[in-house]
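Single-structure report; data block below.
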Amino acid sequence: MEGIASEVVLVRNEKLAEITLEQEALNSGKYEDLLNNQTSFSEVNGPHLKLKIYNLDNFDQDFRDAQKNIPLNERINFSIEERSGIGSFLLNWGFLFWLLTAIPILLLWLVFKLFWSTKPSKKSVQAVKQQNLNGSESAEYHQLNFPVKIGDRTIFLEMYNIVSFQAKDKYVNVLDTDDNTYLIEHTLNDLENKLPQQFIRIHRSYIVNKLLIKEIRKHSGNRFTVLLKSKKSQQLVSSQSYAPKVKALMKF
């Protein structure tokens with residue numbers, strides 16, 4: 001190997017001799033076929049060849065004996081190593097193929113997981129809408145539904161389906177988009193302070209859901225007729241004292 005190899009490493013636990021060729025030998029093309037038949041890829045600077053050694057002790061001794069008659073400055077660098085199995089595995093084409101296959105699959109899995117983890121549910125979308133109206137995170141938990149007591153039961157009306165709160169005599173009724181009416185114990189003053197901002201008072205007897213306003217018409221004086229989205233299209237007339245609030249609704 002004199003003049004051909006610059007370094008030889010004997011890997012005892014793998015029974016391999018790793019040979020790094022001289023640049024002159026690489027350029028000659030003499031070993032091109034041998035290099036192409038190698039089953040392991042190598043670094044540009046070597047090792048370039050891997051030879052199976054069946055008798056390590058004989059190889060070690062024969063190599064050292066062969067170098068005795070060569071001047072020190074011309075001898076091939078020779079060393080003996082013990083390596084873990086992972087080292088050889090990482091240098092194998094099979095691992096490279098596995099790596100190139102696994103990375104795209106891993107990226108697809110991460111994108112899929114990210115997409116589904118961030119996809120908003122119907123509940124979260126509704127909560128965000130409510131939060132935007134109120135400017136408060138508590139809306140998600142406390143203001144999506146309105147509790148109504150019926151005998152010994154409590155039912156929950158969705159805020160987005162409540163059309164209006166109307167005071168009659170000493171009572172307040174809740175009307176929904178299906179024109180159902182529910183009697184509640186709250187006063188309009190109490191409700192006005194607690195309801196989310198999607199509700200607006202247009203009369204001392206009426207609070208309406210401004211998200212369900214279908215049309216506003218001029219009435220008489222400084223009053224307006226407010227048409228609401230429900231099966232029978234509720235119509236409520238605002239009072240003069242609440243005219244500024246109604247007029248604000250008609251501005252972009």
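Computed values, structure above
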read-out	value
Filter result (within 38 Å of the chain's Cα centre (by Cα) and hydrophobic (A, V, I, L, M, F, W, C)) within region 187-197	Leu195
Residues of region 185-202 that turn out to be surrounded by fewer than 18 Cβ atoms within 10 Å (Cβ to Cβ) and assigned to a strand (DSSP E or B), as a count	0
Residues of region 165-183 satisfying the condition of being β-branched (Val, Ile, Thr) and either buried (at least 17 other Cβ atoms within 10 Å of the Cβ) or not assigned by TED's automatic domain parsing to the domain that holds Leu228 (or both)	Val172, Val174, Thr177
Residue match in region 143-164 (condition: touching an Asp or Glu at 6+ places or on another chain (Cβ under 9 Å), surrounded by 10 or more Cβ atoms within 10 Å (Cβ to Cβ), assigned to a helix (DSSP H, G or I) and modelled with pLDDT of 75 or more)	yes
Flag if Ser124 is of a type outside the set (A, V, I, L, M) and either at pLDDT below 80 or assigned to a loop (DSSP other than H, G, I, E, B) (or both)	yes
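Results for (1) at pLDDT 95 or above; (2) in the same structural domain as Tyr171 (by TED's automatic domain parsing); (3) under 16 Å from Phe165 (Cα atoms); (4) over 39 Å from the mean Cα position of the chain (by Cα), shown as yes or no for each residue.
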{"position": "Phe199", "(1), (2), (3), (4)": "yes, yes, yes, no"}
{"position": "Ile202", "(1), (2), (3), (4)": "yes, yes, yes, yes"}
{"position": "Leu212", "(1), (2), (3), (4)": "yes, yes, yes, no"}
{"position": "His219", "(1), (2), (3), (4)": "no, yes, no, yes"}
{"position": "Leu227", "(1), (2), (3), (4)": "yes, yes, yes, yes"}
{"position": "Leu236", "(1), (2), (3), (4)": "yes, yes, yes, yes"}
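The values are calculated or read from the model by the stated rules, or taken from the named source; none is laboratory data. All figures in this text were calculated on a predicted structure; none of them were measured in a lab. As a convention, Cβ positions derive from the backbone with ideal geometry for all residues, glycine included, and neighbour counts pool all protein chains shown.
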